[in-house]
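Step one of this worksheet: look at the structure below.
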Amino acid sequence: MPTDATPKGDAPACPGPDPKVRGATRFTVPPGAVDTHAHVIGLPPAYPFAPDRSYTPPEAPADRYLAMLDATAMTYGVLIQVSVHGTDNRLMVETLRANPKRLRGVAVVAPDISERDLADLAAAGVVGLRLNVLFGGGVGYDQIERYGALAREMGWHLQFLIDAKDLVELAPRLAALPVPFVVDHMGHFPVSRGLGDPGFRTLLAMVADGAWVKLSGAYRISVEGAPYRDVVPFARALAEAAPTRCLWGSDWPHVAHWDRVLNPGDLLDGLADWLPDAQARARVLVDNPAALYGF
């Protein structure tokens, strides 16, 4: 069952991903495919955890992440700064620098970050900034306009982890942003609210008007559970509204999830239901992310 962030006071441990990663079994992943949403995670003391985090994950090092990309036939990957490391982007940056042709990154930064630090992130392969109010350690929405200005200065985009219900109020501010923006995990809301939910209708209008959205995190929004059939109409509605601005992400290593160990191959197979047409899948896996992330 999807929930908002676990209370920030206890930071419970969550399991790691399935160590036996497999790829898609229901279709052939096209060359040039991009996994646009995954995280690398280090352990203290080398990589401290944010004290206000919502969960405590196991280590997810760069070598396991790259092995996951190989196992799922992903040519490229996009690392998203994980909330438990707050604005300490070091591990993500180290991984980007070691794999400059294969990887891009989306960072979490303080609003007063220096121009030099921004330039260093760009040199490492960062192409966007993430704002997140659902999990402790993230950066919230009180300075959306400031982050929009930073992203415009760098030629980047913004990425939002948000419950779709909040989009109704935020829509005017997001529409005024001077840069492209991406909404994570199909709006991160329980699909039991239905296709007519005001937040989801707002999301559909946004993507039809130019926003990007990640067809990811089905296990976060499904009420029925695997194989997430209740998510199909929502993913299809988004793909129809914005066929050239939908992206796919594994969400590896599936943090803040306690129900079961997850395999990226199972999540990748969901695309066969969401996008039965091979050309539509190729747009989501190859063409769309190449345009946004610069592969």
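The values are calculated or read from the model by the stated rules, or taken from the named source; none is laboratory data. Small disclaimer: the values here were computed from a predicted structure and weren't measured. No Cβ is skipped: glycine too gets one built from the backbone with ideal geometry, and neighbour counts run over all protein chains shown.
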Quick test of your reading of the structure: residue 40 fulfils all but one of (1) on the phi > 0 side of the Ramachandran plot; (2) within 19 Å of the chain's Cα centre (by Cα). Name the failing condition by number. (1)
Within region 204-232, how many residues are part of a helix (DSSP H, G or I) and over 14 Å from residue 258 (Cα atoms)? 10
Can residue 128 be described as outside any helix (DSSP H, G or I), touching a helix residue (DSSP H, G or I) at 6+ places or on another chain (Cβ under 6 Å) and within 25 Å of residue 290 (Cβ to Cβ)? no
Region 35-69: number of residues that are in a loop (DSSP other than H, G, I, E, B) and of a type outside the set (A, V, I, L, M, F, W, C): 15
Of the residues in region 183-203, those that are closer than 16 Å to residue 220 by Cβ and either under 20 Å from the mean Cα position of the chain (by Cα) or of a type in the set (Gly, Ala, Ser) (or both) number 13
Residue 83 is checked against (1) more than 17 Å from residue 250 (Cα to Cα); (2) at pLDDT below 95 and fails just one. What number does that condition carry? (1)
Being touching a residue at least 60 places away in the same chain (Cβ under 8 Å) and surrounded by fewer than 20 Cβ atoms within 10 Å (Cβ to Cβ) is true for just one of 272, 291. Which residue is that? 272
Hits in region 186-208 - residues which are in contact with a strand residue (DSSP E or B) (Cβ under 7 Å, 6 or more places away or on another chain) and either small (Gly, Ala, Ser) or over 26 Å from residue 149 (Cβ atoms) (or both): 186
